[in-house]
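Notes for the one structure printed next.
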Amino acid sequence: MSSAFATSVALINAGDVRSLERSLNAKLVSPDERDENGQTLLMVAAQCGQLPIVEELIRQGADVHLEDLDNWSALLNASKEGYTDIVAELVLHNADIEHRDMGGWTALMWACYKGHTETAKFLLEQGAFPNVHDLNHMSCLIWAAGRGHHDIVADLLSYGAKVNSGDKYGTTPLVWACRRGFTGIVEMLLEAGANVDTAGMYSWTALIIATKGNFSDIVSMLLEYKPNVNAVDADGYAALAIACREGFTDIAVSLLNAGAYVNMHDRSGDTNLIHAAKGGNFSIVDVLLKKYADVDVQGMDRKTALYWAVEKGYNDIVRTILNANPNLELATKDGDTPLMKATRNRNMDIVQMLIDKKAKVSATDKRGDTALHIAMRARSKGIVEILLRNPKNSQLLYRPNRSNETPYNIDTSHQKSILAQIFGARRLNTNEDNENMLGYDLYSSALADILSEPSLSMPISVGLYARWGSGKSFLLGKLEEDMRSFAVQWMEPTFSFTWVLFCLVSFCSCMLGYGVLLATGQWLLGLSLGCGAFVLTYCVLYIVRYGSTHHDWNWAYKFCIQMENMLSSCKTVLQVMFCHPP
């Protein structure tokens with residue numbers, strides 16, 4: 001930079017137009033003097049907002065069209081800084097209003113980006129092109145909408161700016177405005193005909209990006225224009241999934257009322273209910289369940305909404321989901337059930353809730369561990385007591401896992417035995433006011449388990465030592481009942497839809513259809529009745545099985561046992577008939 005140029009710049013910064021005028025008249029410096037970057041005195045004056053100096057330089061013959069090494073002109077400098085009077089002076093002297101810098105930005109784009117409303121309006125009035133794009137295909141409207149310059153957006157739209165023109169990713173001004181929550185601009189763009197379903201970067205639509213920002217007013221506004229509420233982004237998340245994950249209850253309700261799919265999956269298989277349960281969003285879980293969300297869907301790692309709620313320790317959500325009667329035995333990829341997870345987390349309240357809903361204590365994971373194994377390792381006396389509250393579960397104390405460990409062995413390997421504390425904590429003494437039936441149940445269950453040992457030989461004599469008239473004789477009846485229960489419990493089958501059932505139902509349906517055909521001679525009627533009987537039978541069996549497993553219908557449970565016994569017998573007969581003995 002020459003000393004004359006440096007001196008002139010100092011005069012410009014000080015606003016000393018008289019001294020600069022004397023230097024120009026004395027030819028000490030040229031009006032188009034440049035520094036090493038190609039910047040002229042006129043550019044410096046325009047950038048500093050020195051209108052008198054700009055006027056003097058132009059009067060002295062400064063060229064308004066000159067550019068520096070970055071293609072910047074005096075007009076671009078003035079527009080960027082918002083000096084409308086200088087912009088007007090330069091335009092008056094024929095400065096190129098559409099001149100671009102090396103990034104493709106015009107004076108109008110800089111004014112829109114910086115939010116200089118008066119400058120932008122003046123340039124539009126002078127004929128600046130409102131739909132100009134830079135090298136990244138960003139338009140003036142995109143910058144104004146994305147940065148919240150309401151009045152500039154209004155001016156651009158009135159001068160014909162394209163409302164649906166996107167950047168290089170396809171992101172439109174509407175998406176940009178929704179991203180920052182500029183409600184007034186969104187309303188203006190929608191009234192101007194903005195497309196609500198256009199997707200931009202990461203496949204974000206206006207609805208998805210507004211949901212991400214929790215802008216409920218904008219979401220409600222967008223829903224009035226009937227967008228695709230089930231559109232997904234690049235990660236497979238719909239707007240409802242985002243609302244459920246983040247806990248935006250108002251938005252979730254609005255989306256559901258607008259027709260969003262309740263049971264929609266993302267790419268990992270997680271549903272909206274799983275997202276809400278995982279995030280601990282109780283109110284959204286409640287809303288989804290009232291909309292009949294499927295509680296048994298297994299998502300990532302085969303975890304259900306109930307499992308996630310148990311894992312995170314959300315007791316209120318667990319209680320709400322349990323009221324929807326989910327399948328409590330759906331296991332994760334590691335074989336974990338909700339009861340096992342609650343036991344690992346030492347959450348007694350959730351364990352109690354699951355036990356009350358008939359969760360199976362006998363379920364095992366990949367290691368062969370039951371909830372009782374896990375509770376014994378964790379030394380959780382309270383949970384062990386809950387698990388053993390049903391006398392039938394006491395036989396699980398001797399069930400080995402794959403490492404041949406039993407809960408009983410795990411307990412005895414510790415110096416302080418949990419079982420000794422539980423069984424010894426309640427004495428059979430009717431004089432104690434705090435006595436309850438749990439002590440009797442455990443007592444009779446323990447005796448029944450001992451007496452069911454296969455190595456014992458008949459006859460077996462059992463006696464009770466008690467004071468005369470103490471009323472302990474009823475324990476003999478309980479003991480007999482528990483022994484009978486132990487003896488047949490392992491024999492109770494579980495009803496399932498097998499190929500034997502399929503063949504049996506198909507055969508019966510075909511026979512019915514064939515009988516109708518022989519009786520009426522109408523093959524179409526026979527075919528219809530046969531197919532109808534097949535479908536109806538399967539529907540009835542499904543309802544019965546569902547009632548047995550989810551609602552504890554006693555009649556359905558007994559029917560399922562009888563059906564499975566019958567199918568097992570049929571299977572055995574067929575295996576013998578076709579020389580495939582069991």
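Some values worked out for this structure:
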| quantity | calculated |
| --- | --- |
| Residues that are more than 30 Å from the chain's Cα centre (by Cα) and within 16 Å of Y113 (Cα to Cα), drawn from the range 149-185 | H149, H150, D151, I152, V153, A154, D155, L156, L157, A161 |
| Selected residue (criterion: surrounded by the fewest Cβ atoms within 10 Å (Cβ to Cβ)) from residues of the range 476-514 that are at pLDDT 75 or above and aromatic (F, W, Y) | W499 |
| One residue from G335, G280, G259 being out of contact with any helix residue (DSSP H, G or I) (no Cβ under 9 Å at 6 or more places or on another chain), free of Cβ contacts under 8 Å to residues at least 40 places away in the same chain, of a type in the set (G, A, S) and under 21 Å from L354 (Cα atoms) | G335 |
| Any hit, the range 127-143, residues being assigned by TED's automatic domain parsing to the domain that holds A46, touching a helix residue (DSSP H, G or I) at 6+ places or on another chain (Cβ under 7 Å), surrounded by 18 or more Cβ atoms within 10 Å (Cβ to Cβ) and not in a loop (DSSP other than H, G, I, E, B) | no |
| Count of the range 52-105 residues which are assigned to a helix (DSSP H, G or I) and hydrophobic (A, V, I, L, M, F, W, C) | 14 |
| Some residue of the range 188-200 being in a helix (DSSP H, G or I), surrounded by fewer than 22 Cβ atoms within 10 Å (Cβ to Cβ) and not acidic (D, E) | yes |
| Residue count, the range 266-300 (criterion: crowded, with 18+ Cβ neighbours inside 10 Å and not in a loop (DSSP other than H, G, I, E, B)) | 15 |
| Residue selected from the range 389-405 under the condition part of a loop (DSSP other than H, G, I, E, B) and over 13 Å from D369 (Cβ atoms), by the criterion modelled with the highest pLDDT | R389 |
| Qualifying residue in the range 218-233 (condition: among the small types (G, A, S) and surrounded by 19 or more Cβ atoms within 10 Å (Cβ to Cβ)) | no |
| Selected residue (only one of D197, D101, D155 is outside the structural domain of Y83 (by TED's automatic domain parsing) and under 30 Å from M43 (Cα atoms)) | D155 |
| Residue satisfying condition, being buried (at least 19 other Cβ atoms within 10 Å of the Cβ), closer than 28 Å to N136 by Cβ and of a type in the set (A, V, I, L, M, F, W, C), within set L57, L90 | L90 |
| Within the range 38-51, considering residues that are of a type outside the set (G, A, S) and in a helix (DSSP H, G or I), the one surrounded by the most Cβ atoms within 10 Å (Cβ to Cβ) | L42 |
| Residue within the range 302-323 that is crowded, with 16+ Cβ neighbours inside 10 Å, of a type in the set (S, T, N, Q), closer than 23 Å to P407 by Cβ and touching a residue at least 12 places away in the same chain (Cβ under 8 Å) present | no |
| Residue satisfying all of: in the range 333-344; at pLDDT 95 or above and either among the basic types (K, R) or not assigned by TED's automatic domain parsing to the domain that holds H373 (or both); nearest to A363 (Cα to Cα) among these | K341 |
| Odd one out for L330, checked against (1) under 23 Å from G259 (Cβ atoms); (2) of a type in the set (A, V, I, L, M); (3) surrounded by fewer than 20 Cβ atoms within 10 Å (Cβ to Cβ) | (1) |
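One line per residue, one yes/no per condition, for (1) crowded, with 20+ Cβ neighbours inside 10 Å; (2) at pLDDT 90 or above; (3) over 28 Å from T304 (Cβ atoms):
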| site | (1), (2), (3) |
| --- | --- |
| L372 | yes, yes, no |
| A378 | no, yes, no |
| V384 | yes, yes, no |
| P407 | yes, yes, no |
| A420 | no, no, yes |
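Each row is one residue, and each column tells you yes or no for (1) farther than 15 Å from V505 by Cα; (2) assigned to a helix (DSSP H, G or I); (3) at pLDDT below 80; (4) not assigned by TED's automatic domain parsing to the domain that holds L354.
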site	(1), (2), (3), (4)
R545	yes, yes, no, yes
T549	yes, yes, yes, yes
D552	yes, no, yes, yes
A556	yes, yes, yes, yes
F559	yes, yes, no, yes
M563	no, yes, no, yes
L567	no, yes, no, yes
V573	yes, yes, no, yes
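The values are calculated or read from the model by the stated rules, or taken from the named source; none is laboratory data. Note that the structure is a prediction, hence the values are computed from the model and not measured. In this analysis, Cβ positions are derived from the backbone assuming ideal geometry, glycine residues included, and neighbour counts consider all displayed protein chains.
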